[in-house]
1. Could you please find all residues in region 214-243 being closer than 27 Å to residue 163 by Cα and either without any contact (Cβ under 8 Å) to a residue 12 or more places away in the chain or more than 16 Å from ligand 2 (Cβ to nearest atom) (or both)?
2. Would you be able to tell me the number of residues in region 39-70 that are part of a loop (DSSP other than H, G, I, E, B) and touching a helix residue (DSSP H, G or I) at 6+ places or on another chain (Cβ under 7 Å)?
3. Can you name every residue in region 173-187 that is within 14 Å of residue 199 (Cα to Cα) and either more than 12 Å from ligand 4 (Cβ to nearest atom) or part of a loop (DSSP other than H, G, I, E, B) (or both)?
4. Does residue 320 count as in a helix (DSSP H, G or I), within 21 Å of the chain's Cα centre (by Cα) and at pLDDT 95 or above?
5. Condition first: at pLDDT below 95, within 28 Å of residue 286 (Cβ to Cβ) and either in the same structural domain as residue 311 (by TED's automatic domain parsing) or surrounded by fewer than 16 Cβ atoms within 10 Å (Cβ to Cβ) (or both). Can you find one or more residues in region 26-36 that meet it?
6. Only one of 158, 220, 225 is part of a helix (DSSP H, G or I) and crowded, with 21+ Cβ neighbours inside 10 Å. Can you tell me which?
7. Here are 90, 128, 57: which of them is in contact with a strand residue (DSSP E or B) (Cβ under 8 Å, 6 or more places away or on another chain) and not assigned by TED's automatic domain parsing to the domain that holds residue 177?
8. Being modelled with pLDDT of 95 or more and either in contact with a helix residue (DSSP H, G or I) (Cβ under 8 Å, 6 or more places away or on another chain) or under 30 Å from residue 63 (Cα atoms) (or both), is that true of even one residue in region 338-345?
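The values are calculated or read from the model by the stated rules, or taken from the named source; none is laboratory data. Keep in mind that this is a model prediction, so the values were computed, not measured. Here Cβ is always computed from backbone atoms with ideal geometry, including for glycine, and neighbour counts include all displayed protein chains.
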Ligand SMILES: Nc1ncnc2c1ncn2[C@@H]1O[C@H](COP(=O)(O)OP(=O)(O)OP(=O)(O)O)[C@@H](O)[C@H]1O
Ligand SMILES: O=P(O)(O)O[C@H]1[C@H](OP(=O)(O)O)[C@@H](OP(=O)(O)O)[C@@H](O)[C@@H](O)[C@@H]1OP(=O)(O)O
Ligand SMILES: [Mg+2]
Ligand SMILES: [Mg+2]
């Protein structure tokens with residue numbers, strides 16, 4: 001497998017706000033993989049390229065004959081490669097169509113993941129539907145989603161809609177669209193339903209579940225799973241709720257900088273969800289969503305041992321912060337289940 005000359009350079013170009021796309025370059029610096037090598041074409045924003053394609057991943061991949069090649073969005077996909085795998089996270093209808101067409105004409109290429117399946121996660125209602133339908137409950141615990149209500153338009157209808165639906169305050173207001181834009185991450189906490197009229201639909205209003213201020217991020221890569229702890233919003237007591245009103249925008253509380261893995265936490269809060277429960281949840285979600293690369297945020301209702309809620313699912317999240325991600329993506333990890341991943345991916 002040889003790279004074409006034009007694939008050997010790197011230029012960055014701003015295509016739209018928040019979306020810089022890395023132009024073609026080979027992370028392996030011109031290395032040609034042996035006959036049985038794997039060529040992974042990638043179409044990622046430059047931010048994502050930087051966080052995902054780190055030197056360690058590049059090195060391990062090179063040793064395994066895996067070559068990452070940037071896809072040039074300005075040229076037909078069929079003229080590039082040939083690829084064994086296409087890895088992507090870009091927005092836009094046009095791009096989705098290009099990928100769908102490519103999947104039809106190149107069934108031999110594994111497109112991670114199918115654009116339609118990814119779209120399902122771009123709406124905060126459909127995102128959690130599969131978890132709700134699954135109704136997962138076994139001896140290890142019960143997994144559900146917080147009760148929520150969609151407000152498509154007309155903010156003035158919110159107080160009535162909340163009363164009718166019987167939602168219990170406080171509520172987390174989230175933009176209905178979760179497309180990775182800055183706006184889609186602008187969330188608010190509402191102590192009373194009247195203040196929500198200030199916000200702009202379309203929104204999802206979700207019951208806030210007290211969880212001891214710590215959440216679990218479950219990273220999924222095919223059959224491999226890794227869990228990390230992150231700080232989250234603190235509990236809201238009944239007293240606090242009765243004393244407060246209003247709606248408060250909050251920043252990205254559970255971002256990478258908010259790792260709680262080394263924090264001194266109450267053991268009942270810090271204890272990871274049981275592995276068999278997460279494995280079942282991940283396996284079932286992978287099947288229902290038709291996705292292999294995603295993470296989910298899951299919280300444990302404070303005061304319980306085994307009552308869990310999934311509050312968010314993200315496609316192709318920040319894997320650069322997933323422990324051992326380089327090994328998992330190159331199929332070298334001793335994690336249970338990774339062998340199958342290797343087969344699925346490579
Ligand atoms: N129902 C809920 N109950 C309690 N806390 C919640 C709930 N929903 C969200 N949160 C808190 O708000 C934070 C952001 O919510 P969410 O994960 O839905 O947003 P996001 O912008 O999609 O996040 P990400 O950056 O993971 O994509 C969570 O990390 C958690 O701290
Ligand atoms: O910004 P971070 O590094 O925290 O990573 C976040 C990632 O941004 P990135 O594109 O830079 O990877 C986000 O992607 P977009 O939806 O905004 O496209 C989203 O997937 C978050 O869930 C990730 O946080 P994580 O869930 O992995 O902690
Ligand atoms: Mg989240
Ligand atoms: Mg999210």
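1. 234, 235, 236, 237, 238, 239, 240, 241, 242, 243
2. In the first step, residues of region 39-70 are kept if they are part of a loop (DSSP other than H, G, I, E, B); the result is 53-54, 64-65.
When the remaining residues are screened for being touching a helix residue (DSSP H, G or I) at 6+ places or on another chain (Cβ under 7 Å), the result is 54.
Selection size over region 39-70: 1.
3. If the condition is that a residue be within 14 Å of residue 199 (Cα to Cα) and either more than 12 Å from ligand 4 (Cβ to nearest atom) or part of a loop (DSSP other than H, G, I, E, B) (or both), then 173, 176, 183, 186 are the ones that fit.
4. Working: in a helix (DSSP H, G or I): yes; within 21 Å of the chain's Cα centre (by Cα): yes; at pLDDT 95 or above: yes.
Spelling it out, residue 320 is indeed in a helix (DSSP H, G or I), within 21 Å of the chain's Cα centre (by Cα) and at pLDDT 95 or above.
5. Yes, because at least one residue in region 26-36 is at pLDDT below 95, within 28 Å of residue 286 (Cβ to Cβ) and either in the same structural domain as residue 311 (by TED's automatic domain parsing) or surrounded by fewer than 16 Cβ atoms within 10 Å (Cβ to Cβ) (or both).
6. Details: 220 fails: part of a helix (DSSP H, G or I); 225 fails: part of a helix (DSSP H, G or I).
Of the residues listed, the single one that is part of a helix (DSSP H, G or I) and crowded, with 21+ Cβ neighbours inside 10 Å is 158.
7. Working: 128 fails: not assigned by TED's automatic domain parsing to the domain that holds residue 177; 57 fails: in contact with a strand residue (DSSP E or B) (Cβ under 8 Å, 6 or more places away or on another chain).
Exactly one of 90, 128, 57 is in contact with a strand residue (DSSP E or B) (Cβ under 8 Å, 6 or more places away or on another chain) and not assigned by TED's automatic domain parsing to the domain that holds residue 177, namely 90.
8. Step one: of region 338-345, the residues modelled with pLDDT of 95 or more are none.
Checking region 338-345: not a single residue is modelled with pLDDT of 95 or more and either in contact with a helix residue (DSSP H, G or I) (Cβ under 8 Å, 6 or more places away or on another chain) or under 30 Å from residue 63 (Cα atoms) (or both).
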